[in-house]
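Worksheet for the structure shown next.
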Amino acid sequence: MPRSRKSSRTDPSRRGFAMVLVVLLTLVVGLGIAILFQRHGVASLAARRQADDYIARHAGLGMRELISRWLSTVRGKVADSIEGDGFAFTLEFSDGQRIDVYMRDAQGTSLADTSALTGRRREIVELMKFYLEQTPLEDQQHLLRRHGPSEICIASAPPEVLLALAQAIVGPERAEDVAEALSERRDERFDRREGTDSGSNIAAESAAAEAIERATGRASPGGGANGRGGMNSHGLASVDQVLRVLSEENVDPGKIAEFRAMLVAAPTLWFVTAELKGVGGKVVDRAGGLIELEAGRTDPFNQNGPFLTWETLPLDEGLGASVSR
């Protein structure tokens, strides 16, 4: 009886199974190589980012140290040492590049962080924040700030901030009239500083303000002579020169005292902008931050010096525009 012979041909299904294994193995190997390349690229980018951050950090530290040195030479008289556009000084390099430094009053805005405040002052600042947050969102960054003192510089305060202060102290009913009166009296002082009033009247008001301070035993914030006939750089000898209008508006003396506690004539908070300019004068980099200057306050262990913030700024951003930061 004849025996059946087994076929020597390979089963087609086995060949197909082997092909699938080869394809899967190729995919796994390719995926592994791609992951390795990706990890290498990420590591390279991370290393480059760390190097850039290191360079930027030390460049910022150097810039802040340079500004701190300049501040020590002007001895707190910043407003008297800058030009009309806020220009303070320039640092020129041998390759033709230069760094121009600008400063501007940053204390005309209202403090948003009340965590360090107590009592009536905290209540006033929180009410101001509430009223200012009713303004359009794009305007709030120019009206509120997270750093600095709670006092507001009356010389640079925009109408919205003065209105919010009046709302917080005298209430919404009288706020518009009081804020308008404050703004008009302040602007009158600027007009007189420009020469539209006689120097004798200015000197008389300055002497009167100093007499009030001596009688009450209290020096008004930002007051005192500075080589300009008792006037500071904003044309105000003291906040009392502006606050006298509140008596004419029949504001309660206790409320006037609250205005006096919340307003200063000269700022201690400034925004610094440093611009790196190329040979042709084009701005190629910009950085800046807030500084707080207080007489007699020094901390040898504080490496930041008077700086509260420091960051890279957009090239298309105006000088000192990021006060809210």
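What to note about this one:
- Scan of the range 130-170 for residues that are free of Cβ contacts under 8 Å to residues at least 24 places away in the same chain and either farther than 17 Å from SER183 by Cα or of a type in the set (Val, Ile, Thr) (or both), ordered by number: PHE130, GLU133, GLN134, PRO136, LEU137, GLU138, ASP139
- Scope the range 77-112; condition part of a loop (DSSP other than H, G, I, E, B), buried (at least 19 other Cβ atoms within 10 Å of the Cβ) and either touching an Asp or Glu at 6+ places or on another chain (Cβ under 6 Å) or hydroxyl-bearing (Ser, Thr, Tyr) (or both); matching residues: THR109
- Every residue from the range 130-153 that is aliphatic (A, V, I, L, M) and either part of a loop (DSSP other than H, G, I, E, B) or at pLDDT below 90 (or both): LEU137, LEU143
- Any hit, the range 154-161, residues being at pLDDT below 95, closer than 15 Å to GLU248 by Cβ and in contact with a helix residue (DSSP H, G or I) (Cβ under 8 Å, 6 or more places away or on another chain): no
- Of all residues in the range 82-133, those satisfying the criterion of being β-branched (Val, Ile, Thr), in the same structural domain as LYS277 (by TED's automatic domain parsing) and out of contact with any helix residue (DSSP H, G or I) (no Cβ under 8 Å at 6 or more places or on another chain) are ILE82, THR90.
- Considering residues of the range 282-305 that are in a loop (DSSP other than H, G, I, E, B) and at pLDDT 85 or above only, the residue surrounded by the most Cβ atoms within 10 Å (Cβ to Cβ): LEU293
- Residue identified as at pLDDT 85 or above, under 15 Å from LYS77 (Cα atoms), crowded, with 20+ Cβ neighbours inside 10 Å and of a type in the set (A, V, I, L, M) among LEU313, LEU269: LEU269
The values are calculated or read from the model by the stated rules, or taken from the named source; none is laboratory data. All values derive from a computational prediction rather than experimental measurement. Don't worry about glycine lacking a Cβ; one is built from the backbone with ideal geometry, like all the others, and counts go over all protein chains shown.
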